[in-house]
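J.: I am attaching a structure below and will ask some questions about it afterwards.
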Amino acid sequence: MRRTRDYFLTGPRLGFSRWTPLDLPLALALWGDPEVARLIGGPFSPGQIAEKLRQEIAWQAAHQIQYWPIFLLATGEHVGCAGLRPYQAAGQIHELGFHLRPAFWGKGLAEEAARAVITYAFQSLEVAGLFAGHHPENAASRRILQKLGFRYTHDDLYAPTGLLHPCYSLAAPTSKHPRIH
């Protein structure tokens with residue numbers, strides 16, 4: 001039986017839901033995929049993926065944010081996840097992230113998802129800014145972040161991969177800086 005989804009946020013082709021414990025099969029398919037896991041510190045065991053899912057659910061409960069599961073509006077197919085995590089609570093800075101299943105790479109969906117999350121962060125949550133990083137071999141994520149207006153700030157050690165990851169920031173729009181569309 002297919003579960004009907006309620007989307008709290010949508011883009012032209014994507015709907016954003018919230019992770020629940022019933023989504024473990026989707027989490028296993030996403031974070032258990034070797035191509036996805038390689039870029040975010042995997043491979044991950046089923047137990048580690050279950051813990052990642054629990055953490056996403058906990059962030060939603062505590063902060064009303066998570067890397068939300070995303071779906072194609074036309075078919076209901078699970079595309080991956082995109083959203084926010086706490087980064088610097090005192091400075092109202094959140095981390096933007098997106099993990100897409102390989103079948104959906106190269107279709108503009110990561111950019112679409114990120115644009116929807118950025119708009120939500122600045123307009124609904126009124127955050128002061130966003131942080132993002134990516135695996136140093138992930139040129140596609142670098143291009144997306146730059147296209148969205150993120151500016152490179154530094155390289156930082158990302159413990160799960162053991163590598164220096166390029167890091168970027170995006171300040172909240174002001175009258176001098178138009179909102180991202």
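The numbers here are math on the coordinates, done by the rules we state, and not lab data. Predicted model only: the values in this text are computed from it and were never measured. Heads up, the Cβs are rebuilt from the backbone with ideal geometry, glycines too, and the neighbour counts pull from every protein chain shown.
J.: Give me the distance between the Cα centres of region 83-124 and region 1-78, rounded to whole Å.
T.: The two parts, judged by their Cα centres, are 13 Å apart.
J.: Considering only GLY133, ALA113, ALA103, whose Cα is most displaced toward the positive end of the charge dipole of region 99-148, charges sitting on Cβ of Lys, Arg (+1) and Asp, Glu (-1)?
T.: ALA103
J.: Also: Report Rg(Cα)/(2.2 N^0.38 Å) for region 1-143, keeping two decimals.
T.: Values: Rg = 14.3 Å, N = 143, 2.2 N^0.38 = 14.5 Å.
In units of the globular-protein estimate, region 1-143 measures up at 0.99.
J.: So, one more: Which of HIS154, THR10, HIS165 sits farthest toward the positive end of the charge dipole of region 9-171, with +1 on the Cβ of Lys and Arg and -1 on the Cβ of Asp and Glu?
T.: Of the options given, the answer is THR10.
J.: Classify region 33-95 as rounded, prolate or oblate, taking a ≥ b ≥ c as the square roots of the eigenvalues of its Cα gyration tensor: rounded when a/c is under 1.5, otherwise prolate if a/b is larger than b/c and oblate if not. Please list the in-between numbers first.
T.: Working: a/c = 1.83, a/b = 1.27, b/c = 1.45.
Verdict is oblate for region 33-95.
J.: Extending each Cα 7 Å along its Cβ direction at ALA29 and TYR7, get the distance between those two points in nm, one decimal.
T.: 1.7
J.: Taking H placed 1.01 Å from N in the peptide plane, check which residues at least 5 places from TRP19 or on another chain put their amide H under 5 Å from its amide H.
T.: Correct list: empty.
J.: Please get the size of the charge dipole for region 9-171, origin at its Cα centre, with Cβ charges of +1 on Lys and Arg and -1 on Asp and Glu, quoted in debye to the nearest 20. Could you put the intermediate results ahead of the total?
T.: Values: 13 positive and 13 negative charges, 52 e Å.
Roughly 240 debye for region 9-171.
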